[in-house]
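Report on the structure given below.
Quick note: the coordinates plus some simple rules give every number you see, no bench work behind them. Just so it is clear, the structure is predicted and the values come from calculations on it, not from any experiment. A quick note on method: Cβ atoms are made from the backbone with ideal geometry, for glycine too, and the neighbour counts reach across all protein chains shown.
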Amino acid sequence: MNIGITVYPTYGGSGIVGSELGKELAERGHNVHFISSALPTRLTELNERVHFHEVDMMSYPLFEHQPYTLALATKMANVAESEDLDLLHVHYAIPHSISAILARESLLPQRRLPVITTLHGTDITLVGADRSYLPITRYGIAQSDGVTAVSHYLKQATADTFQFDHIAVIPNFICASDYKRRPISELRAELAPGGEPLLVHVSNFRPVKRPVDCVEVLAGVRARGIDARLVMVGDGSERGRAEHRARCLGLDRYCAFVGKQPRIVDYLSECDVLLLPSEQESFGLAALEALACEVPVIASRVGGIPEVVTDGETGYLSEVGDIEKMSDDAARLLSDADLRREMGKRARASAIGRYSTDLIIPQYVDFYERVIAASNGTVDK
């Protein structure tokens, strides 16, 4: 198949999943065309099966803001014609599904180009639920030829918000060969010069991720007599607040803010426990990546996280903001190497057994084929 994929080219989960999906599809013999405003973060190599088409933005004095939705729709239509695309697969409903629908309609009646929208979370739980965006978000979802969601939680949230439930649940995935624990390297000595146990947090540091809570958990762990350190991977609006809180608590020398990193697996492999204290997660991709690297997860019991992390088996779940319980759980894991290793083994077995690319990518291919077949049937009628 010739597949067009549009993602936000950032470190967010939707951009990562869309990029990795395209690469996996290409390895299975499909031709993938990324259509985006910039090269997606995880798209490090282009080849004969992986292509990138940059959206050209028009500058015109009449427009106070550049009309990205229209520019994207135009690019989608042009690429669909020039590359004979079989479908468009967009990640994130707003504005990508709207652009894809405009592109599809602009190509009629010469051809019908199926549009598949994958919902990742904040396009539904935050942006879509804003009353000013709700009608257009509902329209984009309802007019798509196929809709998928990354968790059962998100499917239900979409049904509750938009009264639309024709949604296939196809979860996020992990490549078993890419995400596995690496041998201890020099990086461990840099992060823990005294051999201290390491907590790690990975996110885009938005308020919903509650990165400041990670600093509070570190304080709680150290108050329990464990000489732990915290590694903060990523960047965003809350980084400054987290750094400030670490200084206020006198913990800044025990915290390493390393910014965005292209190889998350390197950091996960050196750390002992992942902290994910989010107030909302539609899936929890960072948790899945950690589990695959044999890193137990301490997370909030929200959204789709319980579908990924089994409480007491592959990690521990707490209510949002329950710093005391998270600190207790972290201290328990950091002080008991045998418990941590056993939980880590179960974590990887769970991640690979339920979310490996060999299980999930065929589900996407099957969904594509069904949507294309249904679209062709509509044309025949």
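Numbers for the structure displayed
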read-out	value
Highest-fluctuation residue, Gly240, Gly140, Gly259 considered, GNM on the chain with Cα pairs under 10 Å	Gly240
Whole-Hz ³J(HN,Hα) from phi, Karplus 6.51 cos²θ - 1.76 cosθ + 1.60, for the stretch 347-352, glycine and proline x	4, 5, 4, 5, 4, 6
Vicinal HN-Hα couplings computed from phi for the stretch 200-213 (Karplus, 6.51 cos²θ - 1.76 cosθ + 1.60; Hz; Gly/Pro x)	9, 10, 10, 6, 9, 6, 7, x, 5, 7, 6, x, 4, 4
Entries in Lys180/Lys260; Lys209/Lys260; Lys23/Lys180; Lys155/Lys260 that, when Cα-Cα distance is taken, lie over 26 Å	Lys155/Lys260
Relative contact order (%) - the chain, alpha-carbon pairs under 8 angstrom, separation at least six	13 percent
Surface/4 estimate of mean projected area, convex hull on alpha-carbon atoms of the stretch 240-376, nm²	10.5 nm²
For the chain, fraction of C-alpha pairs farther apart than 40 Å, in %	18 percent
C-alpha center-to-center spacing [the stretch 308-366, the stretch 82-125] in angstrom	34 Å
Test item: Cα-centred dipole of the chain, Lys/Arg +1 and Asp/Glu -1 on Cβ, debye	240 debye
Highest-fluctuation residue, Tyr254, Tyr133, Tyr179 considered, GNM on the chain with Cα pairs under 10 Å	Tyr133
Residue-averaged 222 nm ellipticity for the chain, from DSSP H runs of 4+ at -39500 (n - 2.57), nearest 500	-13500 deg cm²/dmol
Tensor-based shape of the stretch 299-381 (alpha-carbon gyration tensor, a/c under 1.5 rounded, otherwise prolate or oblate)	oblate
Ranked packing of 226-236, 299-309, 29-39, most packed first, by mean Cβ within 10 Å	299-309, 226-236, 29-39
Relative contact order (%) - criterion: Cα under 8 Å, at least six apart; region: the stretch 186-355	23 percent
Cα centroid separation - the stretch 265-302 against the stretch 157-207, whole Å	5 Å
5 angstrom amide H check on Val231, placed H, neighbours 5+ away	Leu199, Val200, His201, Ala256
Top positive-direction residue, dipole computed over the chain with Cβ charges, set Leu39, Val169, Val297	Val297
Net dipole in debye of the stretch 186-355 [+1 Lys, Arg Cβ; -1 Asp, Glu Cβ; about Cα centre; nearest 20]	260 debye
Whole-number percent relative contact order across the stretch 81-195, with pairs defined as alpha carbons under 8 Å at least 6 apart	21 percent
